[in-house]
Amino acid sequence: MEKLKYKRVLLKISGEALLGELDYGIDPGVINNISSQIKEVVELGVEVAVVIGGGNFWRGVSASANGMDRTTADYIGMLATIMNALGLQNALEKMGVVTRVQTAISIQEIAEPFIRRRAVRHLEKKRVVIFAGGTGKPYFTTDTAAALRALEIDAEIIFKATKVDGVYNKDPVKFKDAKKFEKLNFLDVLRKDLRVLDSTATSLCMENNLPVVVFDITKHGNIKGAIMGKKIGTMVSKE
């Protein structure tokens, strides 16, 4: 039996990570890869919660910058996260993983409302819980929603899934000399404006000593490896 370093985790998946090679929407190959990795760790006994973004469908900040009312733009973004949550739920359940979607916006025909005690109970029964709708309020990102939900369910760590294998001092796609950080503390993230998480989420994690690992989710096996405590991606912590 493989030894787990973490027993309850929150996986933050950006909407952009679901794009794959597409310009828009959900790449079936990508969402199936993510789902199979989640299934792998659930079968090991890990309790997994997911917060998912909506950037593959809608970017509220960009829409606001182009003249749309920010509150309206953010609510549209919350609806985009619900679409992604349902897509992930479908992929997981096709693989036999029991899943529940909870939303911060009431949409009871297709998902449960977010109720902390119910979410924890689902996790205890080894159901994957997907949190959608962000925080339910405009002006907060899904990074902040991830930090908030992780603290509410007593997750031990946040795994931030991206298409890059960690945090760099500059864009590794544009700059060949970009330096990868193996470890960072939250104050460095804020001071250097590294944008691992938004500043509100970073402060929440720092104040509550909740570590974050930023890693590449496109490489199969990385979720399991990170949960086993392998050095994957960049660890961000209070120390």
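The values are calculated or read from the model by the stated rules, or taken from the named source; none is laboratory data. Quick caveat: nothing in here was measured; it's all calculated off a predicted structure. Reconstructed Cβ throughout: ideal geometry from the backbone, glycine too, with neighbour counts over all protein chains shown.
Filtered by the rule that a residue be surrounded by 17 or more Cβ atoms within 10 Å (Cβ to Cβ) and not hydroxyl-bearing (Ser, Thr, Tyr), the range 194-210 gives LEU194, VAL196, LEU197, ALA201, LEU204, CYS205, MET206, LEU210. When the range 85-140 is limited to residues that are modelled with pLDDT of 95 or more, of a type in the set (Val, Ile, Thr) and loosely packed, with under 14 Cβ neighbours inside 10 Å, the one that is nearest to ASP27 (Cα to Cα) turns out to be VAL98. A count restricted to the range 48-78 and to residues that are farther than 21 Å from ALA150 by Cα and either in contact with a Phe, Trp or Tyr (Cβ under 9 Å, 6 or more places away or on another chain) or not in a helix (DSSP H, G or I) (or both) stands at 14. The condition (being surrounded by fewer than 17 Cβ atoms within 10 Å (Cβ to Cβ) and under 19 Å from the mean Cα position of the chain (by Cα)) is satisfied by just one residue among ILE52, ILE76, ILE82: ILE76. Has the range 163-181 got at least one residue that is within 15 Å of the chain's Cα centre (by Cα) and at pLDDT 90 or above? Yes; the residues of the range 163-181 include at least one that is within 15 Å of the chain's Cα centre (by Cα) and at pLDDT 90 or above.
The residue that is surrounded by the fewest Cβ atoms within 10 Å (Cβ to Cβ), among those in the range 4-43 that are among the charged types (D, E, K, R) and touching a Leu at 6+ places or on another chain (Cβ under 9 Å), is ASP27.
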